[in-house]
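**Q** Structure provided below as structure tokens; questions to follow.
The values are calculated or read from the model by the stated rules, or taken from the named source; none is laboratory data. Predicted, not measured: the structure shown is a model, and the values here were computed from it. Glycine also receives a Cβ, built like all others from the backbone with ideal geometry; neighbour counts cover every protein chain displayed.
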Amino acid sequence: MVNEFEIKKQICDIGKRIYNRNMVAANDGNISVKLSDNEFLCTPTGVSKGFMTPEYICKVDAKGNVIQANPGFRPSSEIKMHMRVYEKRPDVGAVVHAHPTFATSFAIAGIPLTQPIMPEAVIALGCVPIAEYGTPSTMEIPDAVEKYLPYYDAVLLENHGALTWSVDLLAAYMKMESVEFYAELLYKSKMLGGPKEFDKEQIAKLYEIRRKMGLPGKHPANLCLNKNGMNCHNCGGSCHSQEEGTTSNAADAELVASITRQVMAQLGLK
Ligand code: 13P
């Protein structure tokens, strides 16, 4: 049974973290958590995410309609963007939107995070594409993000910020940290003359580590991105290894990840 109050406190903690780490300014950013197929908690619109207490948090249904909100609070203006992620990715338990400075600078410059430059970024994220610009609070943003949802766990929002999602709130927040750290390293290495990228063999080894770890989510190690019109590392996602007959590795990794999640949930570790 989900302890709703505990989750509200977690949302406030993550709000403080994104505010204190300069991932949002003023009242920017929003956070949501799935409680059940038709109940979601989300941050209210127009408040600083660094100063929230549990009574700020609103509850909405799968369409983003208010189920419960205390007087003076309305759900985030970007709730439709969050709901589209949950609709298209039933494996997702939480969504985080922020404006971290390096990642947002890449989003403004129109440069996706696709260069394979350090092991953790390749293993944890794969690539971070840019969803085409949409006016905040309208359906333009969910519509722009949708095509990336089957293939990625993070996107940059053109001229706007970043959006990450994962199995639970901590994991979705960690994705945001990873995106920002990757963007910062990419920016700084460009200042130093340009990053030295991994070659195909190095990338293939990192994909293999990812498969062995059985990490949840969508990643080029388990998907044939280029065949689906998505552009990631130059090695072409896992198409190459699938052609060599390792499709079952990807399926095995998904299965191991799903069993691991169930065991951790039963042990109360999720
Ligand atoms: P809300 O305060 O409505 O969640 O909006 C903040 C934001 O960052 C919009 O992109």
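**Q** State which residue pairs qualify: first residue within 16 Å of VAL96 (Cβ to Cβ) and inside the stretch 42-59, second residue modelled with pLDDT under 95 and away from the ligand (no atom under 12 Å from the Cβ) in any location, beta carbons under 8 Å apart, and separation of 6 or more residues or different chains.
**A** Pairs that qualify, where the first residue is within 16 Å of VAL96 (Cβ to Cβ) and the partner is modelled with pLDDT under 95 and away from the ligand (no atom under 12 Å from the Cβ): there are none.
**Q** May I pose another question? Taking the stretch 90-132 as the search range and keeping residues that are closer than 19 Å to ALA221 by Cα and touching a strand residue (DSSP E or B) at 6+ places or on another chain (Cβ under 7 Å), which one is surrounded by the most Cβ atoms within 10 Å (Cβ to Cβ)?
**A** Result: VAL128.
For every residue, the table says whether it meets (1) assigned to a loop (DSSP other than H, G, I, E, B); (2) away from the ligand (no atom under 16 Å from the Cβ); (3) within 16 Å of TYR187 (Cα to Cα).
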{"site": "THR104", "(1), (2), (3)": "no, no, yes"}
{"site": "GLY126", "(1), (2), (3)": "yes, yes, no"}
{"site": "TYR133", "(1), (2), (3)": "yes, no, no"}
{"site": "THR138", "(1), (2), (3)": "yes, no, no"}
{"site": "TYR148", "(1), (2), (3)": "yes, yes, no"}
{"site": "VAL155", "(1), (2), (3)": "no, no, no"}
{"site": "ASN159", "(1), (2), (3)": "yes, no, no"}
{"site": "TRP165", "(1), (2), (3)": "no, no, no"}
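**Q** Follow-up question, since we're still on this one. So which pairs qualify, if the first residue must be in the stretch 98-111 and closer than 23 Å to ARG17 by Cβ, the second must be among the β-branched types (Val, Ile, Thr) and within 12 Å of the ligand (Cβ to nearest atom), the Cβ gap must be under 6 Å, and the two must be at least 6 apart or on different chains?
**A** ALA98/ILE18; ALA98/VAL24; HIS99/VAL24
**Q** Determine, yes or no, whether THR114 is within 30 Å of LYS205 (Cα to Cα), within 16 Å of the ligand (Cβ to nearest atom) and polar (S, T, N, Q).
**A** When the stated conditions are applied, THR114 does not pass them.
**Q** Output the residues belonging to the stretch 71-85 that are of a type outside the set (Lys, Arg), over 17 Å from ASN159 (Cα atoms) and within 16 Å of the ligand (Cβ to nearest atom).
**A** Correct list: GLY72, PHE73, PRO75, SER76, SER77, ILE79, HIS82, MET83, VAL85.
**Q** Hey, another quick one. Among all residue pairs at least 6 apart or on different chains, which show Cβ distances below 6 Å where the first residue, located in the stretch 77-88, is closer than 12 Å to ASP143 by Cβ and the second is part of a loop (DSSP other than H, G, I, E, B)?
**A** The qualifying pairs are LYS80/GLY64; LYS88/LEU149.
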